[in-house]
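Shown next, in structure tokens, is the structure this report addresses.
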Amino acid sequence: IPRRALEALSRLRQKLRRLFALDGAVTLAGGTLLSLAGSFFIDYALTLPQGVRFVFLSGGVLAFVYFLERKIARPLASPVTDVDLANLVERANPELSQSLVTAVELGRGGSETAAFVSRSMLDLVIRSVEDKIHEVRFTRIFDLRRLRKKVALVVVGALVFLGGAISNSE
């Protein structure tokens with residue numbers, strides 16, 4: 001069993017779950033800011049009856065709950081297998097030549113394919129992966145540029161929103 005490789009994949013899974021949660025939270029925060037800005041604009045431009053305001057507020061709460069489930073709860077609840085993570089690592093580190101996927105997929109045993117593979121060859125692949133796992137660059141796996149842009153936009157939006165609220169206290 002490729003223990004060090006599986007431990008590294010477990011740490012990668014935790015990082016992936018944190019990124020799922022952060023991306024979902026940033027998306028919710030951005031949507032909430034846009035909804036609040038739209039609400040203030042509509043409230044400033046129109047005089048709405050109490051019933052219409054309640055409908056808008058209810059719709060906003062329902063939309064928030066929907067996106068909370070869709071952007072945070074569902075991604076966090078979906079299983080991410082070791083083979084999926086190994087494929088991500090392999091894509092970012094082509095020098096592994098599919099050895100990590102082979103070690104993870106066949107190294108645990110119990111699969112039908114493992115019965116048809118030479119045990120000595122599999123042990124050699126696992127040893128090779130275990131020796132190389134500390135050289136693997138896990139930082140190249142996730143492209144965080146899109147998430148950083150989203151965070152920057154939400155921060156700027158929040159600052160504009162707060163600046164407007166402070167400058168016009170009524």
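The values are calculated or read from the model by the stated rules, or taken from the named source; none is laboratory data. On a predicted model such as this, the values are computed, not experimentally measured, just so you know. Quick reminder, even Gly has a Cβ in these numbers, built from the backbone with ideal geometry, and neighbours come from all protein chains shown. Please note that ligands, DNA and RNA were not included when accessible areas were found on the heavy atoms of the full protein model with its side chains. Shrake-Rupley method; radii C 1.70, N 1.55, O 1.52, S 1.80 Å.
Probing with 1.4 Å while keeping every protein chain in the model, the per residue accessible area of segment 1-76 equals 70 Å². Of the residues Ser78, Ser39, Ser97, ranked by 1.4 Å probe accessible area with the largest first, the sequence reads Ser97, Ser39, Ser78. Each of Gly31, Phe64, Val52 was placed along the dipole of the chain (beta-carbon charges, centred on the mean Cα), and the one lying farthest toward the positive end is Gly31. Protein heavy-atom surface of the chain, 1.4 angstrom probe: 64% of the accessible area is carbon and sulfur, with nucleic acids and ligands not counted. Each label was represented as a point 7 Å from its Cα along the Cα-to-Cβ direction; for Arg140 and Leu46 these points are 5.4 nm apart. P(r) tail for segment 1-81: Cα pairs beyond 20 Å make up 51% of the total. Using a probe of 1.4 Å, the accessible surface attributed to Phe40 totals some 120 Å² when neighbouring protein chains are kept in position. Computed from point charges on the beta carbon alone (+1 for Lys and Arg, -1 for Asp and Glu), the dipole magnitude for the chain about its Cα centre is near 200 Debye.
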